[in-house]
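Below is one structure; the comments refer to it alone.
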Amino acid sequence: MFSLLINSASAAKWLPAPATKLAEEVDQLIYFLVEISVLSSLLVIGGFVYFSIRFRRKSEKDKPPAITHNYLLEFLWSFIPFLIFMFVFGWGWLLYDKMRDHPKEALEIHVYGQMWNWDFVYKNGKKSSGILTVPVNKPVKLIMSSRDVIHSFFIPSFRIKQDVLPGSYTALSFTASKKGKFPVFCTELCGAGHSSMLATVHVMELEEWEKWLAKNPYKGMSLAQIGGSVFQKSCTACHTVTTEKRIGPGLAGLFGTKREFEKGEAKVADENYIRESILNPSTRIVKGYGNLMTPFAGLLTEEEMTGLVEYIKSLNSSP
Ligand code: CUA
């Protein structure tokens, strides 16, 4: 009765709707914990209030009997909670064990975290940034590592989370049971852009996914459009397309202007300068900014690199 009440009232509001079978099972444990906590609070506080009133001192002659102990009661108030805690422990253990199970037949996808975005690399060499695309009802194993500091990959709708470390692999497995788009957060404070280190899991039908996997994402797009699409996925945590500063400079009107550097020299922002600033940003740091950007050397195809240059150039002509 109680559980029905809480489950129906809260399932939608407290937590994002579960999108894997495991997430539903995790929720059952969470709701059980909430229910039993509410129930025991009511019992303790209710009992406290009731006994305070029922046995309050009514006259000077009221003298309570001197009770020192009661073995049966003491045993029960220790043993019953012990059973409840062991039950919760066992339940949690079984769930955790399931969560750490990486099915052999799972589809493996590599995940790279870096300040401050996520890249995904599939077995056929296809890469994507910011959007992890997976088929529904198929076990997926993420093999994850970081290109700089410690990050943490968290998919709230799947109720799973795992730290992502530089220099070694960690893994996370899931089987999405619902199609749709689900947010991913970084949950390890990893620097100034941490809160915008987001991604999306896009779950689709297997056939649709296979088509997506085989497709060239930039077919039919102009270079500037390719650059714009890379920008949206990888750059918005730090750069705007206006003149507004964020962690890095705003990019509108930047191309062709003179840039002054921390070391004192200056240079006009031409194609080669933009390229260098993206691939190896620490070579020249513009005055007033920190050496904070991820080097994109090795992370972009030549087409994407040129696309970004053209996109930044195009920002000068738009209003
Ligand atoms: Cu990456 Cu926080």
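The values are calculated or read from the model by the stated rules, or taken from the named source; none is laboratory data. Bear in mind that the values here come from a model prediction, so they are computed numbers and not experimental data. Cβ coordinates were reconstructed from backbone atoms using ideal geometry, including for glycine residues, and neighbour counts include every protein chain displayed. All accessible areas refer to the heavy atoms of the entire protein, side chains included, with ligands and DNA or RNA removed. Shrake-Rupley method; radii C 1.70, N 1.55, O 1.52, S 1.80 Å.
Going through (1) in the same structural domain as residue 288 (by TED's automatic domain parsing); (2) at pLDDT 90 or above; (3) in a loop (DSSP other than H, G, I, E, B) one by one, residue 231 falls short only on (3). Within segment 135-168, the only residue that satisfies the criterion of being of a type in the set (Ser, Thr, Tyr), away from the ligand (no atom under 16 Å from the Cβ) and open to solvent by less than 10 Å² (accessible area, probe 1.4 Å) is 157. Filtering segment 170-184 to residues that are surrounded by 16 or more Cβ atoms within 10 Å (Cβ to Cβ) and in a strand (DSSP E or B) leaves 170, 172, 173, 174, 175, 176, 182, 184. Of note, residue 188 satisfies the criterion of being within 16 Å of the ligand (Cβ to nearest atom), in a loop (DSSP other than H, G, I, E, B) and open to solvent by 50 Å² or more (accessible area, probe 1.4 Å). Please tell me if residue 294 is among the hydroxyl-bearing types (Ser, Thr, Tyr), closer than 29 Å to residue 19 by Cβ and touching a residue at least 24 places away in the same chain (Cβ under 8 Å). No: the conditions fail for residue 294.
When residue 67 is tested against (1) in a helix (DSSP H, G or I); (2) open to solvent by 50 Å² or more (accessible area, probe 1.4 Å), just one condition goes unmet, and that condition is (1).
So, residue 268, is that one hydrophobic (A, V, I, L, M, F, W, C) and away from the ligand (no atom under 16 Å from the Cβ) or not? It is true that residue 268 is hydrophobic (A, V, I, L, M, F, W, C) and away from the ligand (no atom under 16 Å from the Cβ). The residues of segment 191-201 that are within 11 Å of the ligand (Cβ to nearest atom) and within 13 Å of residue 133 (Cα to Cα) amount to a single one, 199. In summary, residue 211 fulfils each of the numbered conditions (1) within 25 Å of residue 136 (Cβ to Cβ); (2) in contact (Cβ under 8 Å) with a residue 12 or more places away in the chain with the single exception of condition (2). The residues of segment 99-122 that are within 23 Å of residue 230 (Cα to Cα), in contact with a helix residue (DSSP H, G or I) (Cβ under 9 Å, 6 or more places away or on another chain) and away from the ligand (no atom under 16 Å from the Cβ) amount to a single one, 122. Taking segment 199-216 as the range and being surrounded by fewer than 13 Cβ atoms within 10 Å (Cβ to Cβ) and under 30 Å from residue 277 (Cβ atoms) as the test, only 216 passes.
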